[in-house]
Every structure is written in C-alpha cells, then in structure tokens.
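The values are calculated or read from the model by the stated rules, or taken from the named source; none is laboratory data. Computed from a predicted model, the values in this text were never measured in an experiment. Cβ placement follows ideal geometry from the backbone for every residue including glycine, while neighbour counts extend to all protein chains displayed.
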Amino acid sequence: MTVLAVRDLSKSFGGVQAVEALNFDLAAGELLALIGPNGAGKTTCFNMLNGQLRPDEGSVRFLGKELVGQSPRRIWRLGVGRTFQITATFASMTVRENVQMALISHHRRVRAFWARAARLYVDEADALLARVGMADQAERACGILAYGDLKRLELAVALAHGPKLLLMDEPTAGMAPQERIELMALTADIVRERGISVLFTEHDMDVVFAHSNRVMVLNRGHLLAEGTPAQVRNDPIVQEVYLGGGSTFKAEDLSHA
C-alpha cells in the first residue's frame, strides 16, 4: 500500500531551484533514505511534506489525502510525525513529563492539563520510554541528558502521536558513531513492528546502507538516482557525483558503504 505519493514537487527561492519536479512513492512499513550534499534540497523537501513550506508546484498525497495547503498541525493530526536535526524538548521537565505532554496533546486533553497533568498517561509514557531504552531515566530532567539520550526521548515523543508516517531529518546528527548505529537499529525495529513508514535524511552512509530499504539521491534539487542500497552504492552516476567537488558528495562518503 502506498502511504505517501509525491508528484512533480517543486520549490524555488528567487533564482535558485531548491527542488525541481520530484516524484516518489513511499510504501507502508518502508524505510526510505533521502541523501545528498548540503544544499541538495533535502530539508526543503521535508518542509514541503509537513506543511512548513508551500510548494510552487506539485502534489503530496498521504493515504489519499492532499497535504499541499494544509497546516503543519493539521498534517500532524492526520498521522505525519517529524523529528528534527536539533532536538526540541522541555529542558526543565522530566523525561516522563515530556512524553506525557505529547500524549496529552495527542488525546486532546489540554484543557485538563493544569488540573492533573502529572497523573495522565503515566503507564503509556513509561511503556514508550521502555521501548526506546529510557525507562531508568524517566525521573531525570531533560536538561541534564546526554545528547544521544535526548534523541531517544525525541523518538518516544514522536511515537506518542501514533504516526503512520515519520519524517526524520538527520536523526543521528551530533551523535558518536556507535550511538548512531544503535539509534537507527532501534528506530528500524520499532517502525517495522508498528508498520510505520519512514522518510529520513542522513549523512552517515553506514546508517543509510545498513537500515534503509531504498535510497534516493538528490543533487541540486534533482533526483539523481533511486533504488536499493546496493543499486545506489554501485550506480556509476552516483559514484561520479560523489567523486566530484563543490556542491557534490565527497568520495569518502561512499568508502564506508
């Protein structure tokens, strides 16, 4: 089943074409990696998918519903979650309270927030924290967490909304190499067991080739290549671009694959 269908998606800023006529589908339960150099159009694409930017042209259909023109909140309510390069949590709250806040919002219980928020969805929050390996840190303040733990918490918060599609923008940015591998292995396990579709951007090729079902390569707003990790890794056009200079990939990015 196709969860996300993108057709002729385009966006320019002045004379710069950030994304041009992008087409792709994302199936249920699939992990699709979107890779490319800085300036390739990856974040612009993400921002159009979740309503932060309106495309100049094109269509974005999620489970048959058109997303273009919808607000980010409406898109989130439809079941599209997102994580960001820089984590955004409530530093003064505990780990559990951050997940409770997400659950309160998801269940539309905000009016009951001030009266009894601390007692709402405790078991559900603890279950999500256990699933991401954070159960023993539920009472800790977010402001003192290590960065890798913040990324795990961000994943728990995203899961609290029960997404059918998860957009993950640089999910392992700023993490140590071993932490990157562990976080993406955990993410892959969770999304597959729950049948969540994932579109993620990533610069670490070890992560991309180890955990994606399919890879898309963007270069200067154009879709350069698409296929399985092995197909993309061995594509001569992709290799030529990686070996180039300027705004293209670096050769060492492929040497880890």
| query | Any residue in the stretch 68-78 that is touching a residue at least 60 places away in the same chain (Cβ under 8 Å) and of a type in the set (Lys, Arg)? | reply | no
Within the stretch 123-142, the residues that are modelled with pLDDT of 90 or more, farther than 21 Å from Gly29 by Cα and part of a helix (DSSP H, G or I) are Asp123, Glu124, Ala125, Asp126, Ala127, Leu129, Ala130, Ala135, Asp136, Gln137
Margin query: Residues that are buried (at least 19 other Cβ atoms within 10 Å of the Cβ), in contact (Cβ under 8 Å) with a residue 24 or more places away in the chain and among the hydroxyl-bearing types (Ser, Thr, Tyr): does the stretch 140-150 have at least one?
Written below: no
ask   = Do we have any residue at all in the stretch 37-56 that's outside any loop (DSSP other than H, G, I, E, B), more than 29 Å from Glu193 (Cα to Cα) and among the acidic types (Asp, Glu)?
value = no
Going through the stretch 231-257 in order, the residues found to be at pLDDT 85 or above and within 22 Å of the chain's Cα centre (by Cα) are Val232, Arg233
Considering residues that are modelled with pLDDT under 90 and either within 21 Å of Arg82 (Cα to Cα) or in contact with an Asp or Glu (Cβ under 7 Å, 6 or more places away or on another chain) (or both), the number found within the stretch 209-230 is 1
Arg7 fails exactly one of (1) of a type outside the set (Phe, Trp, Tyr); (2) in contact with a Gly (Cβ under 9 Å, 6 or more places away or on another chain); (3) surrounded by 19 or more Cβ atoms within 10 Å (Cβ to Cβ); (4) assigned to a strand (DSSP E or B), namely (3)
Considering residues that are assigned to a strand (DSSP E or B) and touching a strand residue (DSSP E or B) at 6+ places or on another chain (Cβ under 6 Å), the number found within the stretch 57-67 is 6
